[in-house]
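**Q** Handing you this structure, nothing more for now.
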Amino acid sequence: MSTFTFEDLTTVMRRCAGDSADVDRLKEDALDVSFAELGLDSLAAIEMATVLEREFGLVLGDDVAAQDLTPRDLIDLVNQQLAAA
């Protein structure tokens, strides 16, 4: 995979967030809304980071899950690491 897309993010988020997050609210116009505002709890954020690390060979660390990131922030971070690999 050369680019991590919005669609990739929604797929990962649906797998990790379960019922805790409002994944249906995650539309292109919500790219700058924090994951916390979308209802993603810290456990789901850690799970997302773990899935991204495992499936894409990234090194995000637990501190990424602790940050108040937006979907755009995470997409950019993943794509920066993919480009550097």
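The values are calculated or read from the model by the stated rules, or taken from the named source; none is laboratory data. For clarity, every value in this text was computed on a predicted model and none was experimentally measured. We place every Cβ from the backbone using ideal geometry, glycine too, and count neighbours over all the protein chains shown.
**Q** Please name all residue pairs, on different chains or six or more residues apart, with Cβ atoms under 9 Å, provided the first residue is in segment 51-76 and is farther than 23 Å from residue 27 by Cβ and the second residue is loosely packed, with under 11 Cβ neighbours inside 10 Å and β-branched (Val, Ile, Thr).
**A** Matching pairs, first to second residue: 53/59.
**Q** What number of residues within segment 39-59 satisfy the criterion of being touching a Leu at 6+ places or on another chain (Cβ under 7 Å) and either within 16 Å of residue 17 (Cβ to Cβ) or surrounded by fewer than 19 Cβ atoms within 10 Å (Cβ to Cβ) (or both)?
**A** First, the residues of segment 39-59 that are touching a Leu at 6+ places or on another chain (Cβ under 7 Å): 49, 52-53, 56, 58.
Okay, now just the ones that are also either within 16 Å of residue 17 (Cβ to Cβ) or surrounded by fewer than 19 Cβ atoms within 10 Å (Cβ to Cβ) (or both), so 49, 52-53, 56.
Residues meeting the conditions: 4.
**Q** Assigned to a loop (DSSP other than H, G, I, E, B) and at pLDDT 85 or above: which single residue out of 58, 9, 82 fits that description?
**A** Numbers: 9 fails: assigned to a loop (DSSP other than H, G, I, E, B); 82 fails: assigned to a loop (DSSP other than H, G, I, E, B).
Testing whether each residue is assigned to a loop (DSSP other than H, G, I, E, B) and at pLDDT 85 or above leaves just 58.
**Q** Keeping to segment 12-37, report how many residues are at pLDDT 80 or above and assigned to a loop (DSSP other than H, G, I, E, B).
**A** Of the residues in segment 12-37, 7 are at pLDDT 80 or above and assigned to a loop (DSSP other than H, G, I, E, B).
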